[in-house]
Every structure is written in C-alpha cells, then in structure tokens.
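Working notes for the structure below.
Every read-out reported here was derived from the displayed coordinates using simple, explicitly stated rules and does not represent laboratory data. Just so we're clear, the structure is a prediction, and the values are computed from it rather than from any experiment. Cβ sites come from the backbone with ideal geometry, for glycine too, and all protein chains shown count toward neighbours.
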Amino acid sequence: MTISTATTTTSPYRAPLAGFVAQLLLLGALAVTVGLSTWGLVAGVVYGAVLCGLLGLALQRAGMTRLGWANSVTFSRAILTGGVTALIVAHVAGAETPVALLVTLAGVALAMDGIDGQVARRTGTTTSLGARFDMEIDSILVLVLSVYAGSELGWWAVAIGVFRYAFVAASWALPWLNAPTPPRFSRKVVAAVQGVILVAVASGLLPTLVAVLALVVVLAPLTWSFGCDIAWLYRASRVSETARSRWSAPNREHAMAG
C-alpha cells in the first residue's frame, strides 16, 4: 500500500504554520529576556494566529503552495512586527518597555522592507499577493508604532497609522475608492519617511518638542498624499460615470425606437 504525501508537502498552510511557530518562539524569547507581560503575550499570539491564518487563506485562493523567497522575506518582517506589536501592547497596558529592543526589532523590519521587492523582481516572482502582503505588513508596523508615539506624545499621533485603515473603511461605503491609483513616487517617499521618523521618535533620543514636530512633519504630507489619491479617484469615477452615461444613452434610444 502506498501512502501519498502530496497533500502535506503542498499544503498552502505549511509555511504559515511554520511562521506561527517562529512567532511563538520570538514571543517566548521576549518573555524570558525582558519579561513580556500577559497583555503583550496575548496580543502577540493573537496577531500571529490571525496573520498566519489569513496568509494561508490567501495562498489557497491564489493557488500557491509555497511562499517563495520574496514572500519569505516579507513573512520574516511580519514576525518581527508581531514582536513589536507585543512590546507596544505591553507598554500601553503599563509595562516597562525595553526601548532599545523595540527600536531594534522595528528598525530591522523597516530595513528589510526594500529587500523583498528586489528579490521578487530579480527572481521574476512578483505577484499581486506579494505586493498586498508587503503593504499590509507596512501598514500594521506603522499603526503600532503610531500607537506607541501616541501613548507618549498625544493620541493625535495615532492618526498616522489609522489613515490607511480609515481609507479602507471609507471604500466600503464609497466603492469608487477601490479603483487602482497610478504609481506616484511621492507616495513611496511619504511611506518610507513615516516609518523612519516613527522609529526615531520611539527611540526616545529626540527632545519632546522635536519629536512632536517630526510627527507633524509626517502627518502633513501623509494627509496631502491621501488627499491627492482621493481627489484623483473621485475625478476618475466622474469620468467613468460620464462615459457610461454617454454610451448607454444611444442604446436606450435604439431600444425605444425598436
């Protein structure tokens, strides 16, 4: 009798499961070395479970059974972001934060951001799933870092991380916001700068006034960037609607004449 192992070796959940184990190991290391609080540990486990579950579903829907090198780099960033999330949740809950470790994990995750895209392009493995995965991890990292900044300098700073999620929520009510936007170099610059400044603020090396001004410097161009995208999408939706109206009018007249 032959036992097939195809379903186990090609399961889309194989890599996410291994990643979840790596997430638990990182959380365990944090608990042992810096005394990660219960809240932080729970947040990290929930983050890892949701991350790996959604990634498995995404791989299944895309018909992929392996992450590939580029997505593996992104997954590594995601696991580090889980560690950052756990530390920040613990901090907000009142635990003492090992700032040097927090900044190191966040800094490495940010530094790896440019690697996965290069790996994908050089290996010819660029996919829509990989691009979305990379974007989501960037958004989560910025969100939790903005929460840390908000807990130290005022909760208005959380707007930096909430912007993208508010945009997604608005798109549920306004479907025209779901349309793709043209590439814009300024958007990439704003995205890169916000992460760097948030890590610098988290380090505690900046005087309070300088840190606040730095966050304002991030929030202003971020608002402008989202405003540009919203304005472009609105104009594009109006143009599309006008074109559809002009196209459908002769068809209605033809139907009435017939």
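Filtering Thr74, Thr33 for residues that are within 28 Å of Leu129 (Cα to Cα) and either surrounded by fewer than 13 Cβ atoms within 10 Å (Cβ to Cβ) or β-branched (Val, Ile, Thr) (or both) leaves a single hit, Thr74.
If you check Gly114 against the conditions, is it closer than 19 Å to Val217 by Cβ, surrounded by fewer than 16 Cβ atoms within 10 Å (Cβ to Cβ) and either under 12 Å from the mean Cα position of the chain (by Cα) or of a type outside the set (Ser, Thr, Tyr) (or both)? Judged against the criteria, Gly114 is not a match. One residue stands out in the range 153-186 among those that are within 12 Å of Asp229 (Cα to Cα) and of a type in the set (Gly, Ala, Ser): the one that is surrounded by the most Cβ atoms within 10 Å (Cβ to Cβ), namely Ala179. If you go through the range 171-187 and pick out every residue that is among the hydrophobic types (A, V, I, L, M, F, W, C), in contact (Cβ under 8 Å) with a residue 12 or more places away in the chain and not in a helix (DSSP H, G or I), you end up with 1.
When both residues are 6+ apart or on different chains and their Cβ atoms are under 6 Å apart, which pairs have a first residue that lies in the range 24-49 and is in contact (Cβ under 8 Å) with a residue 40 or more places away in the chain, and a second that is assigned to a loop (DSSP other than H, G, I, E, B) and of a type outside the set (Gly, Ala, Ser)? Once the first residue is in contact (Cβ under 8 Å) with a residue 40 or more places away in the chain and sits in the range 24-49, its partners that are assigned to a loop (DSSP other than H, G, I, E, B) and of a type outside the set (Gly, Ala, Ser) give Leu30/Leu36; Val34/Pro98.
Can you tell me which of Val190, Val217, Val199 is exposed (fewer than 14 other Cβ atoms within 10 Å of the Cβ) and touching a residue at least 12 places away in the same chain (Cβ under 8 Å)? Show your work before the answer.
On the way: Val190 fails: exposed (fewer than 14 other Cβ atoms within 10 Å of the Cβ); Val199 fails: exposed (fewer than 14 other Cβ atoms within 10 Å of the Cβ).
Going through Val190, Val217, Val199 in turn, just one is exposed (fewer than 14 other Cβ atoms within 10 Å of the Cβ) and touching a residue at least 12 places away in the same chain (Cβ under 8 Å): Val217.
Within the range 107-123, residues that are within 12 Å of Thr81 (Cβ to Cβ) sit with their Cβ atoms under 8 Å from residues that are surrounded by 15 or more Cβ atoms within 10 Å (Cβ to Cβ) and of a type in the set (Gly, Ala, Ser), at 6+ positions apart or across chains, in these pairs: Leu110/Gly195; Met112/Ser76; Asp113/Gly195. Of everything listed in (1) touching a Ser or Thr at 6+ places or on another chain (Cβ under 7 Å); (2) surrounded by fewer than 16 Cβ atoms within 10 Å (Cβ to Cβ), the single unmet condition for Arg235 is (1).
Only one of Ala93, Ala86, Ala106 is out of contact with any Asp or Glu (no Cβ under 9 Å at 6 or more places or on another chain) and surrounded by fewer than 24 Cβ atoms within 10 Å (Cβ to Cβ). Can you tell me which? Quick ask: steps written out before the conclusion?
Numbers: Ala86 fails: surrounded by fewer than 24 Cβ atoms within 10 Å (Cβ to Cβ); Ala106 fails: surrounded by fewer than 24 Cβ atoms within 10 Å (Cβ to Cβ).
When all the criteria are applied, what remains is Ala93.
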